[in-house]
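**Q** I'd like to ask some things about the structure below.
The values are calculated or read from the model by the stated rules, or taken from the named source; none is laboratory data. Note that the coordinates shown come from a computational prediction; the quantities given were computed from them, not determined experimentally. Neighbour counts run over all protein chains shown; Cβ positions are idealised from the backbone, glycine included. Surface areas here come from the heavy atoms of the whole protein model, side chains and all, with no ligands, DNA or RNA. Shrake-Rupley method; radii C 1.70, N 1.55, O 1.52, S 1.80 Å.
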Amino acid sequence: MSVIGKVVAPNVSYKFGKLGASLLSVKYNRSYFTYTQELSQPLDRKPEFVSAKEAFEKCLKSGQTVFSQGAAATPFRLLDAMTDVGVAGSLRDIKVVHMHTEMEAKYVAPECKDIFRSVSLFMAANVRKSVAEGRSDAIPIFLQDIPKLFHRKIIQPDIAVIQVSPPDQHGYCSLGTSVDCVRAALVNSKIIIAQINSHMPRTFGDAIIHVSHVDYAVEDHSPLPSHGGKPASPEEMKIGELIGDNLVEDGATLQMGIGNIPDAVLSSLKNHKDLGIHSEMFSVGVINLVKRGCVTNNRKKFHKGRIVGSFLVGNRDLYDFVDNNPFIEMLEIDYVNNTHIVSLQPTMTAINSCIEVDITGQVCADSIGTRMYSGFGGQVDFIRGAAESVDGKGKPIIAIVSSTKKGESKIVPTLKNGAGVVSTRAHVHYVVTEQGIAYLFGKSLRQRAYELIKIAHPDHREALEKAAFERLKCMPSP
């Protein structure tokens, strides 16, 4: 028997065997979703179980738009099959729209340049080269605004490619580790291809989708992509201590991403109480704080007692932690990252990183000079939400190691030529390096330069002072 087992839904009788499972006694008579697009509504129809290659041979055509789920839920086996079918069929001009995806993106290889064109809503390492070489595109956009692209028909997917948990006894699958903009894409897609994977954790909130909404189902139980394990540097650990000891209060609601600095912050919070999590994503470091009783979400007015997230990338420990765990709610990104919703969280403490900061407080987080590196992400959503906190206790924090591995300062007189400003100097309140904490809100340009030079690496402070004088025509001062 397959791990999928038996599913019962209205007028639907499923009988699953091995990967080529048959589905019997089911009507298949719709042109789209009957009268509803709600993914939790059972429909009088069935998915057709096929191989990954067969799924795309049935529906992939030139000129189409394909949406792909991302992060740990990236359906890379399906995307590989899509690439093979596109190449074999000599197809042309297929757009592949996605947020951050994991694993190799074969569809952006140079030999696929006339077949596929990646469109990133937030870039990952697997598409940076193709964007830099003009073979792929990147759309600058706040995470909270991405669902609007689908609802307003700016992006109209012909095919949505997702990865879900096996259906339960009621026929419900889960989008698992990535809800984000996926629901918005699904309800606006003509065809849904789903990889059904027993490794995908079953999560709650906005993650559910009834299997009857799937057009083509592919059984593939590949392990999810894994991140983590690289130890934090002494500088990153110091940043974590500074933030944990000075800026995170008991009862604070936390937002942070993935990486060594967020993990270092989390490791410094072992003696805190009644912390909450409301974050587009969170990492494995949260698990220990939950087990210690530090994260209770008890101070929240909304989703009291529950962690709120939207997508995940981590390791097996994290995936096991969220699996079938009602303590976790995975919600849509236009809610989680909504600036007003963020502002309602108690003592909202938003911790984000960047590539460089200039001496007036401008933050570049999406590019290295003109070369696109990532995207806007949720930084501005949360930085502004924390600044607008209705309880007046929010803390917007930018955390950055003071210098690169090559010894170059990340606090700079001016941003690199062509660098993008993600958070403006008016957005920025706290900047933290391993050298200290700079508070910029309400400060003039020369005061900002003074505070930022104090937390720059000592090797660069004299040069930064000279550069500040040349730029501002006066010396930095408190």
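**Q** Just list whichever of 106/148; 58/153; 148/291 have alpha carbons separated by over 32 Å in the model shown. Spell out each step's value before the answer.
**A** On the way: 106/148 28 Å; 58/153 24 Å; 148/291 37 Å.
Correct reply: 148/291.
**Q** Related question: Considering the alpha-carbon set of the stretch 131-288 alone, what are its Rg and its Dmax in angstrom?
**A** In Å, with Rg to one decimal and Dmax whole: 19.2, 52.
**Q** Tell me the carbon and sulfur percent of the accessible area for the stretch 260-369, rounded to whole percent, probe radius 1.4 Å. All intermediate terms of the calculation are to be shown ahead of the outcome.
**A** Values: 1720 of 3510 Å².
Carbon and sulfur together cover 49 percent of it.
**Q** Rank 319, 172 by accessible area, highest first, at a 1.4 Å probe radius?
**A** Sorted by accessible area, descending: 172, 319.
**Q** While we're on this one: Using unit Cβ charges (K, R positive; D, E negative) and no other charged atoms, how large, in debye to the nearest 20, is the dipole of the chain about its Cα centre?
**A** Once rounded to the nearest 20, the dipole reads 460 debye.
**Q** Could you tell me the extents of the chain's C-alpha atoms along the three principal axes, largest first, rounded to whole Å?
**A** 79, 50, 37
**Q** How much solvent-accessible surface does residue 408 expose, in Å² to the nearest 10, with a 1.4 Å probe and all protein chains in place?
**A** Rounded to the nearest 10, the figure is 100 Å².
**Q** Going from most exposed to least, what order do 45, 117 have by accessible area with a 1.4 Å probe?
**A** 117, 45
**Q** Pairs to check: 443/466; 238/395; 95/416. Give those whose C-alpha atoms are more than 22 Å from each other in this structure.
**A** Cα-Cα > 22 Å for 95/416; rest within.
**Q** If you don't mind, another one. Per residue, how much accessible area does the chain show when a 1.4 Å probe rolls over the protein heavy atoms, in square angstrom? Walk me through the numbers before you get to the answer.
**A** Numbers: 19270 Å² over 478 residues.
Here the residues of the chain average 40 Å² of exposed surface.
**Q** Which value in deg cm²/dmol, rounded to the nearest 500, describes the helix-derived mean residue ellipticity at 222 nm for the chain, given -39,500 (n - 2.57) per DSSP H run of n ≥ 4 and division by the residue count? Present the calculation step by step, with values, prior to reporting the outcome.
**A** Working: 14 runs with 115 residues, N = 478.
Value at 222 nm, helices only: -6500 deg cm²/dmol.
**Q** Let me ask something else. Which GluC sites (Glu not before Pro) in the stretch 57-134 sit in a loop by DSSP (not H, G, I, E or B) and have at most 15 other Cβ atoms within 10 Å of their own Cβ? Walk me through the intermediate numbers first.
**A** Details: sites: 57, 102, 104, 111, 133; in loops: 102, 104, 133.
Passing sites in the stretch 57-134 are 104, 133.
**Q** Please compute the contact order of the chain in relative form: average sequence separation of alpha-carbon pairs under 8 Å and at least six residues apart, divided by the residue count, as a percent.
**A** Contact order relative to length: 12 percent.
**Q** In whole percent, how big is the carbon plus sulfur part of the accessible area of the stretch 86-168, probe 1.4 Å, protein atoms only?
**A** Solvent-exposed carbon and sulfur of the stretch 86-168 make up 53 percent of the total.
**Q** Moving to a separate point now. Would you please name the GluC sites (Glu not before Pro) within the stretch 426-470 that are DSSP coil residues with at most 12 other C-beta atoms within 10 Å of their C-beta? Intermediate values should be presented prior to the final figure.
**A** Values: sites: 434, 451, 462, 465, 470; in loops: 434.
In loop regions of the stretch 426-470 (DSSP not H, G, I, E or B), there are no sparsely surrounded GluC sites (Glu not before Pro).
**Q** Ignoring ligands and nucleic acids, what accessible area does residue 472 show with a 1.4 Å probe (Å², nearest 10)?
**A** Surface open to solvent at residue 472 totals about 40 Å².
**Q** Divide the volume of the convex hull of the Cα atoms of the stretch 124-217 by its number of residues and quote the answer in cubic angstrom per residue.
**A** On the way: hull volume 11.4 nm³, N = 94.
About 121 Å³ per residue, rounded to a whole number.
**Q** Now, a different point. Sorted by accessible area (1.4 Å probe), largest first, how do 291, 454 line up?
**A** Descending accessible area places them as 291, 454.
**Q** On the accessible surface of the stretch 398-438, probed at 1.4 Å, how many percent belong to carbon and sulfur atoms?
**A** Heavy-atom surface of the stretch 398-438 belonging to carbon and sulfur, 1.4 Å probe: 50 percent.
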